[in-house]
Each structure stands twice: as C-alpha cells, then as structure tokens.
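Beneath this line is the structure, given in structure tokens, with notes to follow.
FYI, it's all coordinate maths here, none of it is from the lab. Predicted, not measured: the structure shown is a model, and the values here were computed from it. Positions of Cβ are generated from backbone atoms using ideal geometry, with glycine treated the same way; all protein chains shown enter the neighbour counts.
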Amino acid sequence: LSVTDLVDQSLAKIGDVDSKVRAFLRVDEEGARRTARELDDQLAFGGDRGLLFGLPAGIKDNIVTEGITTTCASRFLENYDPIYDATVIKKLKQAQSVTIGKLNMDEFAMGGSNENSAYHVTTNPWNPEYVPGGSSGGSAASVAAGEVYFSLGSDTGGSIRQPASYCGVVGLKPTYGLVSRFGLVAFASSLDQIGPLTKNVEDAAYVLQAIAGHDPQDSTSANVSIPDYIGALSGDVKGLRIAVPKEYMGQGVDPAVKDSVLSALKVLEGLGAVWEEVSMPHTEYAVATYYLIASSEASSNLARFDGVRYGVRASDPDNLLDLYVKSRSQGFGPEVKRRIMLGTYALSSGYYDAYYLKAQKVRTLIKQDFDNVFQNYDVIIGPTAPTTAFKIGEQVGDPLTMYLNDILTIPVNLAGVPAISVPCGLAEGMPVGLQIIGKALDEATVLRVAHAFE
Ligand code: GLN
C-alpha cells in the first residue's frame, strides 16, 4: 500500500461515517494528499521511513497546526490560522505521519462529553445516542470509528483517558513534562499534557516514542533521556506488584464497571502479577482541588483572548474596555465563562488563601498518597471512569454531576504521573476502560502492563 492509498482510505472512511460520528471539525484533504504524494516520492527515491511513516492522524483542535485553522472548538478562534506548528506536530512530521484534520473537543478542553463544543456534538461510534466523552471526544471517536490510525489529545483532568474509556480505545496521558506543551493552547498549565489515542497499546508506544522528549520552548519540559517504549512491550508481568485503591472501587462506581476491572485483575494474576487493596485517603478531595486549580489557571491563561491579539473581535465597541467585554461575552461559551468566573474568584485577594492556596496544599497531600503507594507497588489499577458513556443531553444541565465523572482520572494529573486507559470489556453494550497508573517517567511499565493485559 502506498501512503496515498492509506490517505484515500482514511478520507473515504470519513466520507462514509463522519456525517454521523462528527469527530472532525476540519478535514485538510488537500494538505493530506500533498503530504502523501511527498512521502510516496521520497520512498521511491530510496528515503528512509520515519517511525510513523504514512499513518493518517487526527489532531485535537487545541494543538496548533501551521496553515490549518485551530479553534479549540470555540467561536472565539473560528478565524485563527496559526503561523507555526506545535512541537508535537513538528515531531509527527519528522516521524512522517499524515495529518488528516482537526478533531472536535469541548471548548478550550473544558468538559467531559463534547457537548461544550461551540460547533457540534460528536457521537459515540458504539451508539450515536451516547457521548464519546471529553474533552478529547473527537480524538477518541475518530480512532474508534476507524477514520484515522491514531490521534493526539490533551489531558488536564482525564480528557484523553475518559473518552478513550467511553469509546473503547487506548488513551495515554504521559508524565507531566514528558511531551512538550509548546503549541498546545493552555487550559491549566500545571496539569495539561498531550498524549496519543490509538487502537492498541503497541500503537500508543510508537506514537509516544515519536512525540516525547525535551523541548527548550517549554519551560516545564523534562530534560530526561527517552527509553525504548516499543522494546518495553515484552508481555512479562511476573512478580509485578499492583495496588488497587479501595477509594477507586467504592460507592458511585457502577457494579458492572467494577466487575470488568476485577476480571482484568484476574487476567493479570494469571500472568504472574499480584494485587492488593490499598488506601489513598485524599482521593475524595481531588475533584474540589482540581476544579479550583484548573479554573484558576484557566482564568489567567484565557486572559489573552481579549479581541485584540487572537481570534474574533467584536464590532462597534464604545471604547477599549467595551471591546474586551463584548469580544469575550460573544466569543466564549457558557462553560468557559463559568470556569473563568470561578477561577477569578478563587484567585482574588482575600479569597486566595482560602481557596487557591488551600487547594495547592491538598494537591501535595494527594501527590503524597501516590508516593506512599509507589514505595511498595509498581502500578496502581482501577477503573478509568465510574461509569460507561452516558446519553447525549443527560448531564448537560448539571455541571456538578459532570465534574464527578472525573474523580478517578483527576488525581493522576494533580500528581503529575502517567496513566493509560485500555479497554477491558463491555457493560450493557458499552466499553469499559481499565486505568493503569505508573510512577513518574515510568511509561515503559505502564505500557508493558497494558500490553500484557490487552
Ligand atoms: N472534564 C475535565 C474538565 O472539564 C477534564 C478536562 C481535561 O482534561 N481537559 O475540566
């Protein structure tokens, strides 16, 4: 097969199914065909194949792509054409994958269902009445529907893993700092991390290999050598020590989801791993902590959208202040406004100590829960989300219920450690995700366990 064939197949599949799945905000047919021709020509002239040679890829629309409009699924950026590539996009170009287009998401990555997109709602390929999860819902759905080989998403509080779980694909959130955030439109800078969504664990190892690595353009990028993730997929988990936090299997977790996780643990036991129940007592504070920290950082990061520097500018302002107010009132959707108000409040003088500073302290306690468990165990395992995908419309009116879906993914971002969601069965016909959490920078073990289980 030539790269042109692969790209033709991808575009044909999108033509067949995307009117229903609606994973894409934009398909760059011309650019994809041009890249395919270039790669085919290079190969014909004896060039080497990159690590991801010729593979059609979808990119979440908060990762900037030179020459391809990047909206973050917001009206505010409907006309934003970046003049540079994010570091991950540069790295994908070096690895020679082909960018097919930009994928739907919750506006500015705020949400867990794709219903906060300003453009349309992506549906779950397993059943169009259900959400694909979010915020990287387009990234998960495009892979599940077979429209692309892999996609990139971003995960601030679960946004790669939760949609991967809901759509029955693999989603990996790397250690904070392992993958450059340069060119990722910032939501909550101390939590954001880019990662792959793929059909299987081996593909995740390949994509991570291509995108990981130190970047001087991201001041929080880890300056570490990158191990051989592909070589780590040995299938061997003998003697591996697994911790299962009782807080991850408690009230609020659907019994069918729990059963799937327990059968996954049996499989790993059969392969020679051992598991024990542990306690991570600060888990119950993670959601509150996250929504304070993430909203605070978001309120600061989103201050740059003022109608002057980026995106859409409101017409007929009375003065400069009015320009800001009108542009922001018209450009942002309701969930983004809610987060900005919450964050601005938590950071305001007189409240800072009670909310933001307190949240930072609890964040340290949550991280210590992980440090304690990792003294005696190699990985932590539980469900990715308390339930399987819910129906479109079911939770839109109820932000608090929506926020609680993140209870099992958020602690991982607060601690900065890596985690993968890998399919582990079905509950009432919808996919369940198994979450495997590792020590900081130990993606190799996370991938090895996920691969052995798969
Ligand atoms: N659902 C979470 C939120 O709404 C997670 C978002 C994310 O990881 N980008 O903030």
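Rg and Dmax, both from the Cα atoms of segment 4-76 and both in Å, are 14.1, 45.
The packing ranking of peptides 423-435, 404-416, highest mean first, is 404-416, 423-435, where packing means the average number of other beta carbon atoms within 10 angstrom of each residue. Of the residues S349, Q330, V312, the one whose Cα sits farthest towards the positive end of the charge dipole of segment 306-351 is S349 (charges of +1 on Lys and Arg Cβ, -1 on Asp and Glu Cβ, taken about the Cα centre). For segment 1-158, the share of alpha carbon pairs falling in successive 10 Å distance bins from zero is 12, 42, 34, 10, 1 percent.
For segment 82-204, report the convex hull volume of the alpha-carbon atoms normalised per residue, in Å³, without decimals. Could you put the intermediate results ahead of the total?
Values: hull volume 12.4 nm³, N = 123.
Value for segment 82-204: 101 Å³ per residue.
Equivalent ellipsoid of segment 75-120: semi-axes from √(5λ) of the C-alpha gyration tensor, largest first, are 24, 13, 9 Å. Based on alpha carbons, the Rg and Dmax found for segment 368-429 are 14.4, 43 Å.
Computed on the Cα trace of segment 327-442, the radius of gyration divided by the Kirkwood hydrodynamic radius gives Rg/Rh = 1.04. A P(r) calculated from all alpha carbon pairs of the chain, with 20 Å bins opening at zero, reads 27, 59, 14, 0 percent.
Roughly how many whole Å is it from the C-alpha centroid of segment 203-255 to that of segment 116-154? Computed from Cα coordinates, the inter-centre distance equals 22 Å.
So if I take the alpha carbon set of segment 136-269, get Rg, then get Rh from the Kirkwood formula, what is the Rg over Rh ratio? Display every interim value, and only then the final one.
Details: Rg = 16.2 Å, Rh = 16.4 Å.
Reported Rg/Rh (Cα atoms, Kirkwood Rh): 0.99.
From the Kirkwood radius over Cα pairs of segment 243-337, Stokes-Einstein at 4 °C and 1.567 mPa s returns a whole-number translational diffusion coefficient of 73 µm²/s.
The charge dipole of segment 341-425, taken about the Cα centre with unit charges on the Cβ atoms of Lys, Arg (+1) and Asp, Glu (-1), comes to about 140 debye, rounded to the nearest 20. For segment 317-382, the calculated P(r) over all alpha carbon pairs, in 10 Å bins from 0 to the bin holding the longest distance, is 17, 25, 24, 20, 9, 4, 0 percent. Considering helices alone, the calculated mean residue ellipticity of the chain at 222 nm is -11500 deg cm²/dmol, with DSSP H runs of length four and up weighted by -39500 (n - 2.57) and normalised per residue.
Can you flag which of K13/K60; K90/K439; K173/K337; K91/K367 are past 24 Å Cα-Cα? Intermediate results must be reported in sequence, preceding the final value.
Working: K13/K60 18 Å; K90/K439 28 Å; K173/K337 26 Å; K91/K367 31 Å.
The answer is K90/K439; K173/K337; K91/K367.
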